[in-house]
1. Looking at residue 380, is it closer than 28 Å to residue 290 by Cα, at pLDDT 90 or above and touching a helix residue (DSSP H, G or I) at 6+ places or on another chain (Cβ under 6 Å)?
2. Considering each residue of the range 195-220, count those that are surrounded by 10 or more Cβ atoms within 10 Å (Cβ to Cβ) and in a loop (DSSP other than H, G, I, E, B), and give that number.
3. Does the range 247-263 include one or more residues that are loosely packed, with under 14 Cβ neighbours inside 10 Å, touching a residue at least 24 places away in the same chain (Cβ under 8 Å), closer than 30 Å to residue 406 by Cβ and more than 23 Å from the chain's Cα centre (by Cα)?
4. Give just the number: which of (1) surrounded by 18 or more Cβ atoms within 10 Å (Cβ to Cβ); (2) under 24 Å from the mean Cα position of the chain (by Cα); (3) in a helix (DSSP H, G or I) does residue 269 not satisfy?
5. Inside the range 311-324, can you point out the residues that are surrounded by 17 or more Cβ atoms within 10 Å (Cβ to Cβ) and not in a loop (DSSP other than H, G, I, E, B)?
6. Looking for whichever is over 21 Å from residue 363 (Cβ atoms) and modelled with pLDDT of 85 or more here; the options are 275, 310, 282. Which one fits?
7. Could you list, in sequence order, the residues of the range 203-229 that are in contact (Cβ under 8 Å) with a residue 24 or more places away in the chain and within 60 Å of the chain's Cα centre (by Cα)?
8. Look through the range 396-414, keep the residues that are within 20 Å of residue 255 (Cβ to Cβ) and modelled with pLDDT of 85 or more, and return whichever of them is surrounded by the most Cβ atoms within 10 Å (Cβ to Cβ).
């Protein structure tokens, strides 16, 4: 009988989900490059929106097979007045390549590049696909633990979907053997005795005929009793048993430390905010159980909410160590390293009170880095001042510390990817 299966899942108008997913997988590298070009041309606040992606036609061309004429053939193409064998033909002039650029022309033909729209979810998936918090570990059981299902043998009760056929049939065979063992043994003995009497009994002996009739009746009774043993009984059924056990959770907290001192002009603050916006989108999209602590500092540091972190206008002098001291206090008070994966990200122009930069390095070495899985420093100014020089001493010595520069808007995205690429992943071109 012919059966038809109809997929009634909702999909976009005139779109094939399967074909779209295959296309995204097949041209993954080209889409990555297109997303990178799109990011360079859009504002940071528009990062979560959909995007029209253009892929050059040459990148999606398909190989084709055709019949060759075979052999060596000399051909004269009509209308050729310019070329002979061995000449190289130039590429089409501008306006004839199919990209819609250059001056108008009355000749030439081509094919446009392929353009399609990535949805918001697809764009963000490509945007963050090879990023992760470094050294993320599972910690102890949380107050509300995660649960994982484990196999725990077999049970006599359960749903039909969990029925273990082999184990059930094994139990049925054992039951039938145990119940019928004595009867089968007696049946074999009676059959052997009956066979011997039939072979050796004198003809016409009434006593022998009576004994034979008794044996045959008993054998019939035993065979009936053995036949009534059920092949499969409800007590034979065994179902797979699974139990839920608590497992450690990956709890993480990210400390965002931003310099808002007077030396941080609007351009530098914009660079720092762009970096933290990318970090915020990445964390909230990829991790369900993560806390984000925002700290702004000038001469004094303060824990603020998201709104104040990105939009408050308070400023002042520069004492970077105040933010590190506050971070350590918050960790000690609220985030035990035994339970939490602790991360830090700091953005500054590197301008600091000259007596304070050495203290910042000491705080990181002695107080902060021993508690954290990873700490990233981003300098939004080109000049290498005392803070950069002090922090540079930690590179290579403290494996959980990294530092980069980002002095232009176009550098924020590559620097962010470099700092938070997955462990073991190949670095992508900036």
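1. yes
2. Selection size over the range 195-220: 2.
3. Yes, the conditions are met somewhere in the range 247-263.
4. Condition (2) is where residue 269 drops out.
5. If the condition is that a residue be surrounded by 17 or more Cβ atoms within 10 Å (Cβ to Cβ) and not in a loop (DSSP other than H, G, I, E, B), then 321, 322, 323, 324 are the ones that fit.
6. Answer to the selection: 275.
7. 226, 229, listed by residue number.
8. 406
The values are calculated or read from the model by the stated rules, or taken from the named source; none is laboratory data. Predicted, not measured: the structure shown is a model, and the values here were computed from it. So basically every Cβ, Gly included, is an ideal-geometry build from the backbone, and we count neighbours across all protein chains shown.
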